[in-house]
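In what follows, a structure is listed as structure tokens, so that the remarks can point back to it.
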Amino acid sequence: MLKKEHITNVALYSDEWQMLRRGKFTSSRIHCLMGDKGITDGGLTYIDQKLGEEMTGHCVSDEDEIEDENTAWGNMNEPKAIETFQIKNNVQFLATQKLIHADNTRFSSTPDAIWIHGEASNQLEYNVSTLEVKCPRKFHRFNKLFRCKTPADLYKVDKRYFWQVIDQMDNCDSAVGYFGVYHPLYPDGCNWRQIQFKKIELWDDFKKLKIRKTEAVNKLIEYKSAFINGV
């Protein structure tokens, strides 16, 4: 169940959104920590980036976060992709682009949408499913993702997206999550594919994620201690 207090209303990409994510590991980059046998050099670089944000109070965009023609295309078509998911699944309400933020963690997530199924009896939590959509501009990238039908298929094609969905579900305490891929130029029936993730079928992956998150936090604390203690 997702606590209501963890759902923010800050505008996506705003200064406030950036600041709330400062020093926190996010779902879009969590794949950096998910080496098969531990945290790789790329993961350690990501940890150093988050440490720098925490130490300085400033956020510096990574090179792959800088907008180009492909990301602009994706941002432009995301609303239609989310609408397609809503229609295909007869969803009455989706909360879109809500930053999930808790002060007492080093993790943060902004799913493209949250499907709210109902409210807990305590009226403090929601039962939700998460949605992450991708809108590749280039045909070969769309085709590869479209051919994926299961989480395992997606893992083989692009581990980044697999772990992004897993981490969104983890941050939102969701039993079910979705990945969708959309292309506006393809004909109806061939322009949308969605994959359902069920936590009960992916226990080992969630366990691995938890281990890597703990390792990342411990390493960040270790690095920070070296600064503070002058080691």
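The values are calculated or read from the model by the stated rules, or taken from the named source; none is laboratory data. All values reported here derive from a predicted model rather than from experimental measurement. Here the Cβ positions follow ideal geometry from the backbone for every residue, glycine too, while neighbour counts run over all protein chains shown.
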Residue check, PHE206 crowded, with 21+ Cβ neighbours inside 10 Å, out of contact with any Ser or Thr (no Cβ under 6 Å at 6 or more places or on another chain) and of a type outside the set (A, V, I, L, M): no
Given the condition touching a His at 6+ places or on another chain (Cβ under 8 Å) and not aromatic (Phe, Trp, Tyr), answer yes or no: does some residue in the range 153-160 qualify? yes
Return the residues of the range 161-204 that are in contact (Cβ under 8 Å) with a residue 24 or more places away in the chain and small (Gly, Ala, Ser); say none if nothing qualifies. SER174, ALA175, GLY177, GLY180
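Could you say which residue among THR110, THR84 is in contact with a strand residue (DSSP E or B) (Cβ under 8 Å, 6 or more places away or on another chain), hydroxyl-bearing (Ser, Thr, Tyr), modelled with pLDDT of 95 or more and farther than 26 Å from MET19 by Cα?
Answer to the selection: THR84.
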Matching option when the condition is within 22 Å of SER108 (Cβ to Cβ) and of a type in the set (Asp, Glu), among ASP153, ASP204, ASP170, ASP188: ASP170
So which residues in the range 11-62 are in a helix (DSSP H, G or I), of a type in the set (Gly, Ala, Ser) and more than 17 Å from the chain's Cα centre (by Cα), if there are any at all? GLY42, GLY52
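Residues checked against (1) over 16 Å from VAL217 (Cβ atoms); (2) touching a Ser or Thr at 6+ places or on another chain (Cβ under 6 Å):
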{"site": "GLN18", "(1), (2)": "yes, no"}
{"site": "LYS24", "(1), (2)": "no, yes"}
{"site": "ARG29", "(1), (2)": "no, no"}
{"site": "GLY43", "(1), (2)": "no, no"}
Of the residues in the range 113-122, those that are surrounded by fewer than 22 Cβ atoms within 10 Å (Cβ to Cβ) and in contact (Cβ under 8 Å) with a residue 40 or more places away in the chain come to ALA120
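So that you can scan it fast, the table gives a plain yes or no per residue for (1) among the polar types (S, T, N, Q); (2) within 29 Å of CYS190 (Cβ to Cβ); (3) over 12 Å from the mean Cα position of the chain (by Cα):
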| site | (1), (2), (3) |
| --- | --- |
| ASP112 | no, yes, no |
| TRP115 | no, yes, yes |
| GLY118 | no, no, yes |
| THR150 | yes, yes, yes |
| LEU154 | no, yes, yes |
| ARG160 | no, yes, no |
